[in-house]
Ligand SMILES: [Ca+2]
Ligand SMILES: [Ca+2]
Ligand SMILES: [Ca+2]
Ligand SMILES: [Ca+2]
């Protein structure tokens, strides 16, 4: 990066000193000096997307808390039962592919807990009706098995049958999605709805065709698609019930929707507009890469014609930024994505004490970006489709300190606040039942305590939510970077200092220091900086030094101007 040398460095330094003293005396008026005026007119920000203020808690509803046993349907399914289907591993380890009982009520009764951890949104797994039996086709799932659906149920919600109807396991009397999302909103929590358009339920290889499997119903209850237990290549293009599906296999035995059929776009547009009316605030789009950009562009246009700027992010489970970034481009629908390259980098760093913070820099794309805007990405270190992060308590604390201060919109998978089932994969326990008891004791866990602190600091500071990120020093155990938000009269800078070592470390910085009086948002202490910094961080510690005021340090301004270029107008 080139650094433009200021022509009037001395004058500029003098001005910063004046400005700092103005700030210290609490004076907010614009300095009369013309150069300072120019500085205060500079805009620096990573994003102006409203959703960037959010922090998202991801709940697999069936696995969170069962607050209403009356919707568990323990005898459902007949000879294909759906309740509590354990997969047993060695040494008493267990996973489960049946319904366990978690419901809307279980989330709502813990709304205060989720909010108190510092989250502002809850992402729910899909809520639409799934089949009422376990799947008898495919290959039998066993403990630790992958890409097999035999014997599984739709407890996860990704096997939609009627995309206008809620699954009977989720709601309670007078507490359907509409009431749930309104109740959550009254607690200060938005709802991110997980949506699927790529596929319905498993649709073929059943010894005998099962009810609801391979079928899709419209809002009025009419059957509009039926795979009829046929292999995709056997579907008849002249049969209107087959036309909804593609005639080649995609994922496992899932019915794969035919994106070339306008009825498919029409159906999912209507269905998901309906759920916005019922209270969804944003969408997470499942398996987005399994349908072409044209479909998602048309879908996004349809949604935003009614709900301008509606925020959506997609799941393209691929580690190449160039590839997943395509979805974020306006011509492809301007759908944000889950930052899988970031997830990989974060687990590499926070699972291994020998790693370096420097390994995190490459996924950020702060200088040049394939993404429409890297600041709008959803950042996370694990989810339901992969092994939970295999870190110790300190690793989780350090990961959260990074996640809630670096660029992106943080997502935390339920249970990670206590390191629940750390290291376990799908079908090995990564979706195990969390339960009220664990939640009731969660705040005694050091991970939850540290998460609460850093998440609240992010929630209270626009610089951490939307500020431009300028990395200063990324070393093995320590990192130092700025988040600068200077826009429309709001001027806030965060200087973030991280230590992931198990002993105290001192961070020394000798350049790019914005002079001024900072407040460490973690503990409230005041730190006055001139042209260098020496700061001792606790073991696995974080400092977020907040400066309210404009950036005046010329080299810093020059670097921020370059970084600003990655942000779209
Ligand atoms: Ca229940
Ligand atoms: Ca059902
Ligand atoms: Ca069927
Ligand atoms: Ca597909």
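Derivation of every value follows stated rules applied to the coordinates shown; laboratory data play no part. Predicted, not measured: the structure shown is a model, and the values here were computed from it. Cβ atoms come from the backbone with ideal geometry, glycine included; neighbour counts cover every protein chain shown.
The table for this structure:
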quantity: Calculated FRET value between residue 165 and residue 530, using beta carbons and R₀ = 60 Å, to 0.05; calculated: 0.40
quantity: In degrees, nearest ten, helix 393-403 long axis to first principal axis of the chain (Cα); calculated: 70
quantity: Helical contribution to [θ] at 222 nm, DSSP H n ≥ 4, -39,500 (n - 2.57), averaged over the chain, rounded to 500; calculated: -7000 deg cm²/dmol
quantity: Gyration tensor (Cα) of the range 211-311, equivalent ellipsoid semi-axes in angstrom; calculated: 26, 15, 12
quantity: Expected-Rg normalisation [2.2 N^0.38 Å, Cα atoms] applied to the range 42-133; calculated: 1.49
quantity: Two-decimal ratio, the range 338-395, of alpha-carbon radius of gyration to 2.2 N^0.38 Å; calculated: 1.17
quantity: Relative contact order of the range 275-337, pairs being alpha-carbon contacts under 8 Å that are 6 or more residues apart, as %; calculated: 38
quantity: Centre separation in Å (Cα based) which lies between the range 160-225 and the range 328-373; calculated: 32
quantity: Scattering profile of the range 343-454 at q = 0.12, 0.13, 0.14, 0.22 Å⁻¹ [log10 I(q)/I(0), Debye over alpha-carbon scatterers]; calculated: -0.43, -0.50, -0.57, -1.26
quantity: Equivalent ellipsoid dimensions for the chain as semi-axes, Å, which come from the Cα gyration tensor, largest first; calculated: 46, 26, 20
quantity: Efficiency of FRET between residue 344 and residue 109 - r from beta-carbon atoms, R0 35 angstrom, step 0.05; calculated: 0.50
quantity: Kirkwood Rh and Cα Rg combined as Rg over Rh, evaluated for the range 131-236; calculated: 1.03
quantity: 275, 159 arranged by Cβ crowding within 10 Å, fewest neighbours leading; calculated: 275, 159
quantity: Degrees between helix 9-24 axis and first principal axis of the chain (Cα, 0 to 90, nearest 10); calculated: 70
quantity: Spread of Cα-to-Cα distances over 5 Å intervals beginning at zero, given as percent, for the range 247-290; calculated: 5, 17, 21, 25, 17, 10, 3, 0
quantity: For the range 53-103: relative contact order, % (alpha-carbon pairs under 8 angstrom, 6 or more apart); calculated: 43
quantity: Cβ-derived FRET efficiency at R0 51 Å, residue 490 paired with residue 358, nearest 0.05; calculated: 0.95
quantity: Share of alpha-carbon pairs per 5 Å distance bin for the range 305-361, given as whole %; calculated: 4, 18, 22, 16, 14, 12, 7, 4, 2, 1, 0
quantity: Shape call, the range 404-447: gyration tensor on alpha carbons, a/c limit 1.5; calculated: oblate
quantity: Sequence of 212, 187, 466 once ranked by neighbouring C-beta atoms within 10 Å, starting from the fewest; calculated: 187, 212, 466
quantity: Span from the the range 502-569 Cα centroid across to the the range 249-317 one, whole angstrom; calculated: 41
quantity: Prolate/oblate/rounded call for the range 387-428, Cα gyration tensor, a/c under 1.5 rounded; calculated: prolate
quantity: Zone residues, the range 341-361, relative to residue 293, backbone N less than 15 Å from point 7 Å out along Cα-to-Cβ; calculated: none
quantity: Point-to-point label distance, residue 508-residue 187, nm (Cα→Cβ direction, 7 Å offset); calculated: 4.9
quantity: Computed Rg/Rh of the range 521-569, alpha carbon atoms with Kirkwood Rh; calculated: 1.05
quantity: Rounded tilt (10° steps) of 262-277 against the dominant C-alpha axis of the chain; calculated: 60
quantity: Ranking of 405, 510 by count of other Cβ atoms within 10 Å, fewest first; calculated: 510, 405
quantity: Mean Cβ count within 10 Å, highest first, over the residues of peptides 490-500, 389-399, 435-445; calculated: 490-500, 389-399, 435-445
quantity: Antiparallel %, DSSP beta bridges [both residues in the chain], to 5; calculated: 65
quantity: Whole-number percent relative contact order across the chain, with pairs defined as alpha carbons under 8 Å at least 6 apart; calculated: 16
